[in-house]
Structures are given as structure tokens and as C-alpha cells.
Amino acid sequence: GAGVSQSPSNKVTEKGKDVELRCDPISGHTALYWYRQSLGQGLEFLIYFQGNSAPDKSGLPSDRFSAERTGGSVSTLTIQRTQQEDSAVYLCASSVGQGTYNEQFFGPGTRLTVL
Amino acid sequence: AQTVTQSQPEMSVQEAETVTLSCTYDTSESDYYLFWYKQPPSRQMILVIRQEAYKQQNATENRFSVNFQKAAKSFSLKISDSQLGDAAMYFCAYRSAYGGSEKLVFGKGTKLTVNP
């Protein structure tokens, strides 16, 4: 079956512009996660959705970052007034939302470059 | 807050040999899950192996096995009979077994090179 998909694959923007990153989870997965991977760093948690609600948004670095999920499926991560330090790969993952391991399946990521 | 440390930024191994990647973590929780993910240049994160803290037996998946030492808070990954396709970044990750958030806490990764 189809895995997690993300679009766009790459995004180049100018400082100060807003960007939207999209994530399509695996069908039937109720949980969805956003992570950020900066150059040479591990993955940093941003936000977790269960259904359409976000029980944990503790990783969002500033109020310029927001995310929503609609219909228990697609999620959009929005970064307003982008800064150069926002340049990173943004990874989305989904999981069934329950069970022992509740394994997270990752998408290929969106590479964001802020000039 | 939990932290995960991978002390080896880079490792190399000869094809067909064995290599061990280190991971330590810090937590006050008694139940949790540990994972090793592989990230090739394609950026796609792939789950390699997983372990629940309450299970004494070390997990094994084909050529991949772990040495889980709960008291030492250590979770190393052993790759046997290394293959060229094993070359990638490897990330160790922690997830709490307690409710609230299902987030993974990652180490900074180890870049593995496999030499022919």
C-alpha cells in the first residue's frame, strides 16, 4: 500500500515569506507527527496529532509555526515569516495510534531552503 | 526530559564484517520503547529494530541485533555481515510508554560507511 507522502519535495523561499508543507499519512493511521531535521542534527519533534487534535505541540519552536490536520488525514505545517534558521528537512510520520510499539512510518521529507 | 546520546558521529566497516553502533539514553521512567532507524541518502527513515524496556531478551532482525542494558541505559546496534546497502545514517530513538505523547526522542545519529 501507499506510504506517507509529503509535498513539495523541495521548497526554496525568500526570507519573510510564508510556506506550507503538506503531509498525507498512511490510510487509517490516526496519529501523525512532524519532525525537523537540521543539518548535522538528529530529528527534533515538532507536533503530534491524534485525529484532528494536537495533544502535544510542545516542539513548535515559535509562534511562527503552526499545524493543522483535517478529516483525520492530511496535515499542513505552516511557517510564517520564514527565517534562514528555518532551513531544514521537515519529516512527517504516521502510526496506527495504539498498540505496543505504535511504529511510526516516515515520509521522504520536504527540504526547505530559506534564502 | 529524556535525552538520547550517540557518541560516534561516524563509523566505518569493511563489507562482510561486524560493526556496533552505540546509544545511551537518560530517563527516569521504567517502561519505554527504543528504536533504531536507518536513513539512507534518499532521506526515507526506515525502522531497523525495536525493543521494549520490559523485555529482557535482546531483539534480533536478521543481520541486526541489539544489546540492551537497562541498568546502564545502553542500547547498542550490532550489524553482522555488513553489506554496501547498510551505508546510511543510523538514529537511535526513545519513546515513553506512558500516555500523553507518542513522540520519538532521537539521538544525533551515526554515519555508517561500508567499504568494499
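Would you confirm whether any residue within the stretch A:69-81 is over 21 Å from A:THR13 (Cα atoms), charged (D, E, K, R) and part of a strand (DSSP E or B)?
Taking every residue of the stretch A:69-81 in turn, at least one turns out to be over 21 Å from A:THR13 (Cα atoms), charged (D, E, K, R) and part of a strand (DSSP E or B).
Of all residues in the stretch A:75-115, how many are at positive phi and surrounded by fewer than 14 Cβ atoms within 10 Å (Cβ to Cβ)?
Residues in the stretch A:75-115 being at positive phi and surrounded by fewer than 14 Cβ atoms within 10 Å (Cβ to Cβ): 2 in total.
With A:ASN102, A:ASN52 as the choices, which residue is more than 18 Å from A:CYS23 (Cα to Cα) and at pLDDT below 95?
Answer to the selection: A:ASN102.
Could you check the stretch A:57-101 and list, in sequence order, the residues that are aromatic (Phe, Trp, Tyr), within 14 Å of chain B (Cβ to nearest Cβ) and in contact with an Asp or Glu (Cβ under 9 Å, 6 or more places away or on another chain)?
Within the stretch A:57-101, just A:TYR101 meets the criteria.
Being touching a residue at least 60 places away in the same chain (Cβ under 8 Å) and either of a type in the set (Ser, Thr, Tyr) or within 14 Å of chain A (Cβ to nearest Cβ) (or both): is that true of B:ASP81 here?
Numbers: touching a residue at least 60 places away in the same chain (Cβ under 8 Å): yes; either of a type in the set (Ser, Thr, Tyr) or within 14 Å of chain A (Cβ to nearest Cβ) (or both): no.
It is false that B:ASP81 is touching a residue at least 60 places away in the same chain (Cβ under 8 Å) and either of a type in the set (Ser, Thr, Tyr) or within 14 Å of chain A (Cβ to nearest Cβ) (or both).
Which of the residues spanning the stretch B:25-65 are within 14 Å of chain A (Cβ to nearest Cβ), open to solvent by 60 Å² or more (accessible area, probe 1.4 Å) and in contact with a Lys or Arg (Cβ under 7 Å, 6 or more places away or on another chain)?
B:ILE46
Restricting to the stretch B:26-44, name every residue that is within 17 Å of A:GLU44 (Cα to Cα) and either touching a Leu at 6+ places or on another chain (Cβ under 7 Å) or of a type in the set (D, E, K, R) (or both).
B:ASP26, B:PHE35, B:TRP36, B:TYR37, B:LYS38, B:ARG43, listed by residue number.
Condition check ((1) within 11 Å of chain B (Cβ to nearest Cβ); (2) among the aliphatic types (A, V, I, L, M)) across all residues:
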| site | (1), (2) |
| --- | --- |
| A:ALA2 | no, yes |
| A:SER7 | no, no |
| A:ASP18 | no, no |
| A:CYS23 | no, no |
| A:SER27 | no, no |
| A:TYR33 | yes, no |
| A:GLY40 | yes, no |
| A:ILE47 | yes, yes |
| A:ALA54 | yes, yes |
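Out of the residues in the stretch B:106-116 that are open to solvent by less than 30 Å² (accessible area, probe 1.4 Å) and within 14 Å of another protein chain (Cβ to nearest Cβ), state the one that is farthest from A:GLY97 (Cα to Cα). Spell out how you get there, then give the answer.
Let us first name the residues in the stretch B:106-116 that are open to solvent by less than 30 Å² (accessible area, probe 1.4 Å), namely B:106-107, B:109-110, B:112, B:114.
Add one more test, that the residue is within 14 Å of another protein chain (Cβ to nearest Cβ), and what stays is B:106-107, B:109-110.
Details: B:PHE106: 19, B:GLY107: 23, B:GLY109: 26, B:THR110: 28 Å.
Here the answer is B:THR110.
Among the residues of the stretch B:10-26, how many are under 15 Å from the mean Cα position of the chain (by Cα) and part of a strand (DSSP E or B)?
Here the count works out to 8.
Being assigned to a loop (DSSP other than H, G, I, E, B), touching a residue at least 40 places away in the same chain (Cβ under 8 Å) and within 21 Å of B:MET45 (Cβ to Cβ) is the requirement here; does A:GLY59 meet it? Step through it out loud before you land on a result.
Values: assigned to a loop (DSSP other than H, G, I, E, B): yes; touching a residue at least 40 places away in the same chain (Cβ under 8 Å): no; within 21 Å of B:MET45 (Cβ to Cβ): yes.
Answer is no for this residue.
Six or more apart or on different chains, Cβ under 6 Å: which pairs go from a residue in the stretch B:93-105 that's closer than 11 Å to B:ALA1 by Cβ and within 9 Å of chain A (Cβ to nearest Cβ) to one that's open to solvent by 40 Å² or more (accessible area, probe 1.4 Å) and assigned to a loop (DSSP other than H, G, I, E, B)? Could you list them?
From the stretch B:93-105, the pairs are B:VAL105/B:GLN2.
Looking at the stretch B:66-81, which of its residues are surrounded by fewer than 17 Cβ atoms within 10 Å (Cβ to Cβ) and over 19 Å from B:GLU29 (Cβ atoms)?
Once the filter is applied, which keeps residues that are surrounded by fewer than 17 Cβ atoms within 10 Å (Cβ to Cβ) and over 19 Å from B:GLU29 (Cβ atoms), the stretch B:66-81 yields B:ASN67, B:LYS78, B:SER80, B:ASP81.
Confirm whether B:GLU29 is free of Cβ contacts under 8 Å to residues at least 40 places away in the same chain, assigned to a loop (DSSP other than H, G, I, E, B) and within 27 Å of A:ASP56 (Cβ to Cβ). Quick ask: steps written out before the conclusion?
Details: free of Cβ contacts under 8 Å to residues at least 40 places away in the same chain: no; assigned to a loop (DSSP other than H, G, I, E, B): yes; within 27 Å of A:ASP56 (Cβ to Cβ): yes.
Answer is no for this residue.
The values are calculated or read from the model by the stated rules, or taken from the named source; none is laboratory data. Quantities reported herein were computed from a predicted structural model and do not represent experimental measurements. FYI the Cβ positions are ideal-geometry reconstructions off the backbone, even for glycines, and counts take in every protein chain you see. In case anyone asks, the SASA skips ligands and DNA or RNA and just uses the protein heavy atoms, side chains included. Shrake-Rupley method; radii C 1.70, N 1.55, O 1.52, S 1.80 Å.
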